[in-house]
Every structure is written in structure tokens, then in C-alpha cells.
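**Student:** Got a structure for you, written out below as C-alpha cells; questions coming shortly.
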Amino acid sequence: MNLTRRRLIAGLGTVALAGPGIIGSVRPAAAQEVNLADLLKPGPMGDKVLGQENAPVTIVEYASVTCGACAAFHTQTYPTLKSKYIETGKVRLIMREFPTNPAPVSIAGFMLARCSGDKYFPILEALFDQQRSWAQDPYNGFLRIARQAGFTQESFDACLKDNKLAEGIQDVANRAAQEFRVDSTPTFFINGKKYVGVLSVADLEKILEPLLKSS
């Protein structure tokens, strides 16, 4: 999958249609059996993780950079999650890619984050924060964010032409759909329990506090 400028431009006009998402719209998923050991097993590319390994609560988030609801979570709720729970050692966050339409654009955003090394989370934060801006011109919007993270034009284009990386990101989504029945974003597994939709700060606290008290 060669994610060139032409393929990114093909996604124009569709990214913004995802909408901003509605805070507080999270719902517990239908009951399902999720093997926690299987869920926490990293895929071939490895997981991107924030927080301490021994944190009492682990959140696995499946998200897409073209998902308006994901952007809503990351701009409105994630700062509290990070400062109140992750940085204090209470929660570990595992971020996993689940590209949604337009797929070339979503995959490209995750590719840039993966290519950046230790700037994976800062790039994702920038992509979510600036989603409405870059959605009008994904190629140049991504290039602007990438340059701020230290990419050159050459390293940017080389990243987007990495077929193995693109396939690896799609494999993360395929595994999520096949093994854990993920079919939309954002989807969260909190200590193995599945929640679908945007988590507000209040939602987050309501779920996390009882888990932390019982740990």
C-alpha cells in the first residue's frame, strides 16, 4: 500500500464527515468473553504504551485518527486521564490502531506516529487536536505536523511508502475485529471490560474509581 500524495488527496471531503462525537455517549458493550491474557498480548509490531507496567488498571484503546469521536475523547477527556491517572501510576494505556474511512488517510496518520519513534503519542495528540484543520488537506496537514516532529520531506515520503508498516497497522485492526469483535471507534477495554463510544471525564471516573479502590 503506497500512501502517496495522490492517495491521501483521494480522501478529501470525507474525513470531516465523521463529526466531533458526543461526550457522554459511551455504552457498555454487549456481554462477551474476552480472554484478558490474549487481549494484552502485543501483536508483531509491539504495543505503544503510556504508564507503569504494574498499574492496577489497564486501558486498551482502539482508535482512528479520522474518527471525530476519537478526537473528542483525546481533546476533552484524555488530558484528565493522563494527568490524574496515567502519570500518577494508577492506569496504563495501550493504544492500538483501528483505521476507519478513508482508510489511506487513517493508516497514513498512524504510520507517521509509528515512524516517529518515541514521539508516537505526541504525534497522535497533534493529529487529534488538529483534525478539523488537516482534514481539509491530509497530505499537507500531515506534512506540517511531521515537520514539527523532526521529519524532512524525504523521511515523510519514505514513511508513507513503507508497505510493511501499512500492512502491520491493518493487521492490528484485523486482529481486533476477529479476536475481540471491535467494529467501531473509539472502543475501550478497561481491565478487560468493553466500552464503546466517547468516555467523558465523569464516565472515566465512574469506571476507574471502583477498580482502583478494590485493587
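**Student:** On the principal axes of its Cα set, how long, how wide and how thick is region 77-175? Give whole Å, largest value first.
**Tutor:** Reported extents, whole Å, longest axis first: 39, 31, 24.
**Student:** Taking every pair of Cα atoms in region 80-125, average 1/r, invert it to obtain the Kirkwood radius, and report Rg/Rh to two decimals. Mind showing how you got there, number by number?
**Tutor:** Details: Rg = 12.7 Å, Rh = 11.9 Å.
That ratio is 1.07, to two decimals.
**Student:** If I take R0 = 35 Å and measure r between the Cβ atoms of Gln76 and Asp47 in this structure, what FRET efficiency does the formula 1/(1 + (r/R0)^6) give, to the nearest 0.05?
**Tutor:** On the way: r = 24 Å, r/R0 = 0.69.
Calculated value: 0.90.
**Student:** Now for a separate question. Enter the per residue convex hull volume of region 156-195, computed from alpha-carbon coordinates, in Å³ rounded to the nearest integer. Numbers along the way, then the final one.
**Tutor:** Values: hull volume 3.8 nm³, N = 40.
Taking the convex hull of the Cα positions in region 156-195, it is 94 Å³ per residue.
**Student:** Taking R0 as 41 Å, what FRET efficiency do you get between Arg144 and Lys213 from their Cβ-Cβ distance, rounded to the nearest 0.05?
**Tutor:** On the way: r = 44 Å, r/R0 = 1.08.
So the FRET efficiency works out to roughly 0.40.
**Student:** Give me D for region 137-215 in µm² s⁻¹, whole number, from Stokes-Einstein with Rh from the Kirkwood sum over alpha-carbon pairs, 4 °C and 1.567 mPa s. Walk me through the numbers on the way to the answer.
**Tutor:** On the way: Rh = 16.0 Å.
Answer, rounded: 81 µm²/s.
**Student:** Using the scaling law 2.2 N^0.38 Å as the reference, what is the normalised Cα Rg of region 29-135?
**Tutor:** Numbers: Rg = 14.1 Å, N = 107, 2.2 N^0.38 = 13.0 Å.
After normalising by residue count via 2.2 N^0.38 Å, the value is 1.09.
**Student:** Also: Work out how much length Ser155 to Val34 would gain on full extension: take 0.36 nm times their residue separation and subtract the Cα-Cα distance, in nm to one decimal.
**Tutor:** Values: separation 121, 0.36 × 121 = 43.56 nm, distance 3.91 nm.
Extra length available between Ser155 and Val34 comes to 39.6 nm.
**Student:** Over the C-alpha atoms of region 176-215, what are the Rg and the largest Cα-to-Cα span, Dmax, in Å?
**Tutor:** 11.6, 33
Laboratory data are not the source of any read-out in this text; all were calculated from the coordinates shown. All values derive from a computational prediction rather than experimental measurement. Note that we place each Cβ from the backbone using ideal geometry, even for glycine, and neighbour counts take in every protein chain shown.
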